[in-house]
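Accompanying notes for the structure given below.
The values are calculated or read from the model by the stated rules, or taken from the named source; none is laboratory data. Note that the coordinates shown come from a computational prediction; the quantities given were computed from them, not determined experimentally. For neighbour counting, all protein chains shown are included, and Cβ atoms are generated from backbone atoms with ideal geometry for every residue, glycine included. Calculation scope for accessible area: heavy atoms of the full protein, side chains included, ligands and nucleic acids excluded. Shrake-Rupley method; radii C 1.70, N 1.55, O 1.52, S 1.80 Å.
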Amino acid sequence: MDPNLLILGGTTEGRSLCTVLADAGVHGTVSMAGRVARPAPQGMPLRVGGFGGAEGLARYLRDNAITHVIDATHPFAAQMSCNAIAACAETGVPLLAYTRAPWQPEAGDQWTHVADIAGAVDALKGPRKRVLLAVGRMHLSDFTVNPQHAYVLRLVDPPSEALGFPEATVIVDRGPFTLEGDRALMEEHGIDLVVSKNAGGKGAEAKIIAARQLGVPVIMIDRPAIPPRTEAHSIDDVKRWLGHALTDLGV
Ligand SMILES: NC(=O)c1ccc[n+]([C@@H]2O[C@H](COP(=O)([O-])OP(=O)(O)OC[C@H]3O[C@@H](n4cnc5c(N)ncnc54)[C@H](OP(=O)(O)O)[C@@H]3O)[C@@H](O)[C@H]2O)c1
């Protein structure tokens, strides 16, 4: 039987994986939550929107005769990842998480680790700073309790409503970002504090390297816990996992 993949996407890494597998003739669909107005081309047919929890995902897997699920979501998309674990367990569809290692501090880094968004909000109590707040759109309103700072916000889409910060510069851009670009951005805005999720990977790493080079401290939000599952860290490992199905296709 030919593989019929469901790839849970929404990441630069997921997009690369879809492109490579599609170029190799592997059939599949990529799924995105619908948070971004104009998703970048994914190389595979795209479906958009939630499934309706783990039950809804299990139904989707059955209805669409999905043979394999690859979870290539962002490491902070813990709900989706837990739903995938539950739905695949229920339906018997094999699940692989295509993950990236978290960033590790290096010489010159000044990281304060916090457990979650609430911890980052707490860590921003105190005197005024010029903050690069690189946490995506979903949790921005949590940070408005610290109105003393000048914020630089980088968002994929222009905000559709007022963000609630007295002083905020919005930059509409999407990754992957370059070190030169992020260094220039931080220098131009006089950034003296970065708030980041520990996403890992290359696409969003530039700001972390720029902060190291410029001696700027980082509030690093650690990853949410996700139950154990089979993981791959490279596209080659994903292909190996797909194994016989891909061999049959000559990949
Ligand atoms: N969280 C981040 O920092 C971050 C950063 C970059 C990109 N992303 C991407 O943005 C998307 C949403 O992230 P999130 O943190 O909001 O997720 P989440 O909190 O884990 O998921 C919340 C709900 O959104 C739906 N959903 C999430 N990812 C989906 C997908 N790929 N396809 C279909 N439905 C999905 C599911 O709804 P139902 O229960 O109805 O199925 C899920 O229960 C993910 O695709 C993720 O890869 C997230």
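Scan the chain and hand back the longest stretch that contains none of the GluC sites (Glu not before Pro) lying in DSSP loops with at most 16 other Cβ atoms within 10 Å. Show your work: numbers first, answer last.
Numbers: sites that count: E106, E161, E167.
So the longest stretch without any such site is 1-105.
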Per residue, how much accessible surface does the chain expose to a 1.4 Å probe? Answer in Å², no decimals. 48 Å²
To the nearest 10 degrees, the tilt of helix 12-23 (Cα long axis) against the first principal axis of the alpha carbons of the chain is 30 degrees
With a cut-off of 8 Å between alpha carbons and a minimum separation of six or more residues, what is the relative contact order of the stretch 1-158 in percent? 19 percent
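Can you tally the lysine pairs in the chain where the Cα-Cα distance is under 28 Å and the two residues are eight or more apart, or on different chains? Don't skip to the answer; put the middle values down first.
Values: K125/K197; K125/K207; K129/K197; K129/K202; K129/K207; K197/K207; K202/K239.
Lysine pairs meeting the criterion: 7.
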In nanometres, the difference between 0.36 nm per residue of separation and the alpha-carbon distance of H27 and E180 is 51.3 nm
Can you tell me the length gained on complete extension of the stretch A118 to S234, counting 0.36 nm per residue apart and subtracting the Cα distance? 38.6 nm
5 angstrom amide H check on I219, placed H, neighbours 5+ away: T112, V194, V195, S196
Would you work out what percent of the accessible area of the stretch 125-243, with all protein chains in place, is carbon or sulfur (probe 1.4 Å)? 53 percent
Say R0 is 35 Å: what FRET efficiency, to the nearest 0.05, do A65 and A225 get from their beta-carbon distance? 0.65
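When the dipole is taken about the Cα centre of the stretch 31-127, and only Lys, Arg (+1) and Asp, Glu (-1) are charged at their Cβ, what size is it in debye, to the nearest 20?
Values: 7 positive and 8 negative charges, 77 e Å.
About 380 debye.
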Say we join alpha carbon atoms closer than 10 Å with springs in a Gaussian network model of the chain; which of V170, V30, V218 then has the biggest fluctuation? V170
List every residue whose amide H lies under 5 Å from the amide H of Y151, counting only residues 5 or more places away in sequence or on a different chain, with H placed 1.01 Å from N in the peptide plane. V131, E167, A168, T169
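Run the numbers for T144 and D2: contour at 0.36 nm per residue of separation, minus the present Cα-Cα distance, in nm. Please report the intermediate quantities before stating the final value.
Details: separation 142, 0.36 × 142 = 51.12 nm, distance 5.02 nm.
Value of the extension gain: 46.1 nm.
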Roughly how many percent of the accessible protein surface of the stretch 60-119 is carbon and sulfur, given a 1.4 Å probe and a whole-percent answer? 55 percent
Which of K207, K125, K197 moves the most in a Gaussian network model of the chain with Cα springs under 10 Å? K125
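Per residue of the chain, what 222 nm ellipticity follows from adding -39500 (n - 2.57) for every DSSP H run with n ≥ 4, rounded to the nearest 500?
Working: 8 runs with 77 residues, N = 251.
Computed ellipticity for the chain at 222 nm equals -9000 deg cm²/dmol.
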Could you check the spin-label model distance between A40 and V156? Points 7 Å from the Cα along Cα→Cβ, value in nm. 1.0 nm
Can you list the residues, at least 5 places off or on another chain, whose amide H is less than 5 Å from the amide H of E231, using H built in the peptide plane? A97
With T = 37 °C, eta = 0.692 mPa s and Kirkwood Rh from C-alpha pairs, the Stokes-Einstein D of the stretch 72-209 in µm²/s is about 197 µm²/s
Can you compute the radius of gyration and Dmax for the chain, using only the Cα atoms, both in Å? 19.4, 62
